[in-house]
Amino acid sequence: MNANPDHASEYSHGHRWHGGRLLKTQEDRVDEMLELIWTLREKGAANLESLLEQTTDPEARTVLKQMAQEGLCTLEGDGLRLNEKGEALAEGIIRRHRLTERLLMELFELSEAEAEAEACKLEHLLSPAVTDSVCSFLGHPPVCPHGKPIPQGPCCKKLTREVHPLIRPLSDLPLGQEGKVVFISTKVKNRLEPLSSLGIVPGTVLQLKQRRPAYVIQLGELSVALDEQIVLEIFVKAV
Ligand SMILES: [Zn+2]
Ligand SMILES: [Zn+2]
């Protein structure tokens with residue numbers, strides 16, 4: 001446990017407020033460690049040395065040892081690996097964090113840095129059910145505002161639209177309504193280039209003019225016909 005909860009330097013990442021004080025629980029510390037291992041792995045640096053360099057927890061080694069004993073991760077020399085249980089927990093934490101970032105940016109137009117800082121505090125508030133509702137509300141975004149992948153949840157596979165979504169495929173935008181492109185979700189890389197050469201990138205404001213016989217969008221002075229597949233991959237927020 002934290003020996004000195006009043007100390008200003010304890011204000012950092014992902015802690016909970018308890019009666020106006022910031023106390024780090026063991027669970028928070030494990031969560032932070034799991035999150036850090038995950039992000040280091042994304043950079044191809046899931047090892048003890050990088051972790052000790054990046055962590056703000058002075059007792060990181062002890063926390064890691066406890067985690068290894070609980071079967072969350074495996075420490076082999078300098079190598080750090082998440083076990084199945086740790087992997088599932090980390091995936092949930094990363095998912096909540098990145099969805100929270102997106103939510104804060106889309107709803108309150110916070111900057112990336114502000115969204116990141118607030119997400120560290122708010123991610124703990126999301127239960128699994130609320131997380132999936134937030135995900136549906138945001139149109140099941142594939143990446144966070146920093147472009148890092150958001151692990152999918154059960155909702156993404158079903159593409160639930162029960163929650164009236166803030167962000168939805170361009171195909172669902174009412175005709176004549178202006179929409180701002182939030183993200184383009186395509187697995188086909190060479191599809192992005194023609195779109196960006198038309199000026200369709202995140203931030204672009206456009207309108208849907210017609211659906212049949214073909215999708216036509218209005219982009220400033222320009223009318224452009226787009227394939228249905230592409231219209232389904234452009235996600236917009238009504239403005
Ligand atoms: Zn992010
Ligand atoms: Zn989802």
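Restricting attention to the range 56-109, report how many residues are of a type in the set (Ser, Thr, Tyr) and outside the structural domain of GLY44 (by TED's automatic domain parsing).
1
Kindly indicate which of GLU112, GLU84 is of a type outside the set (A, V, I, L, M), closer than 15 Å to VAL143 by Cβ and surrounded by fewer than 16 Cβ atoms within 10 Å (Cβ to Cβ).
GLU112
Collect the residues in the range 110-151 that are away from ligand 2 (no atom under 16 Å from the Cβ), in contact (Cβ under 8 Å) with a residue 24 or more places away in the chain and of a type outside the set (D, E, K, R), keeping them in residue-number order.
ALA115, CYS120, HIS124, PRO145, HIS146
If you check PRO142 against the conditions, is it within 15 Å of ligand 1 (Cβ to nearest atom), exposed (fewer than 15 other Cβ atoms within 10 Å of the Cβ) and at pLDDT 90 or above?
no
Conditions (1) within 14 Å of VAL236 (Cα to Cα); (2) touching a residue at least 40 places away in the same chain (Cβ under 8 Å); (3) of a type in the set (Phe, Trp, Tyr), marked per residue:
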site	(1), (2), (3)
LEU173	yes, yes, no
GLN177	yes, yes, no
LYS180	yes, yes, no
SER185	yes, yes, no
ASN190	no, no, no
SER196	no, no, no
VAL201	yes, no, no
LEU206	yes, no, no
ARG211	no, yes, no
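Here is a yes/no grid of residues against (1) over 16 Å from ILE37 (Cβ atoms); (2) touching a Gly at 6+ places or on another chain (Cβ under 6 Å); (3) not in a helix (DSSP H, G or I):
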{"position": "GLN66", "(1), (2), (3)": "no, no, no"}
{"position": "GLY71", "(1), (2), (3)": "no, no, yes"}
{"position": "THR74", "(1), (2), (3)": "no, no, yes"}
{"position": "ARG81", "(1), (2), (3)": "no, no, yes"}
{"position": "GLY86", "(1), (2), (3)": "no, no, no"}
{"position": "THR100", "(1), (2), (3)": "yes, no, no"}
{"position": "LEU103", "(1), (2), (3)": "yes, no, no"}
{"position": "GLU114", "(1), (2), (3)": "yes, no, no"}
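Read through the list (1) surrounded by fewer than 16 Cβ atoms within 10 Å (Cβ to Cβ); (2) within 17 Å of the chain's Cα centre (by Cα); (3) among the hydroxyl-bearing types (Ser, Thr, Tyr), then give the number of the only condition that THR62 fails.
(2)
Identify, from the list VAL188, VAL224, the residue that is modelled with pLDDT of 90 or more, away from ligand 2 (no atom under 16 Å from the Cβ) and of a type in the set (A, V, I, L, M).
VAL224
Of all residues in the range 145-171 being surrounded by fewer than 16 Cβ atoms within 10 Å (Cβ to Cβ) and closer than 21 Å to GLU228 by Cα, which is modelled with the lowest pLDDT?
Selected residue: ARG161.
I'm trying to understand the selection: among the residues of the range 31-51, which are surrounded by 13 or more Cβ atoms within 10 Å (Cβ to Cβ) and farther than 12 Å from LEU75 by Cβ?
Passing the criteria: ASP31, GLU32, LEU34, GLU35, LEU36, TRP38, THR39, LEU40, ARG41, ALA45, SER50.
Might you let me know whether the range 172-182 holds any residue that is touching a Lys or Arg at 6+ places or on another chain (Cβ under 9 Å) and within 16 Å of ligand 1 (Cβ to nearest atom)?
Yes, the range 172-182 has at least one match.
Answer yes or no: is there a residue in the range 88-98 that is outside any helix (DSSP H, G or I) and surrounded by 15 or more Cβ atoms within 10 Å (Cβ to Cβ).
Looking through the range 88-98, none of the residues is outside any helix (DSSP H, G or I) and surrounded by 15 or more Cβ atoms within 10 Å (Cβ to Cβ).
The values are calculated or read from the model by the stated rules, or taken from the named source; none is laboratory data. Bear in mind that the values here come from a model prediction, so they are computed numbers and not experimental data. No Cβ is skipped: glycine too gets one built from the backbone with ideal geometry, and neighbour counts run over all protein chains shown.
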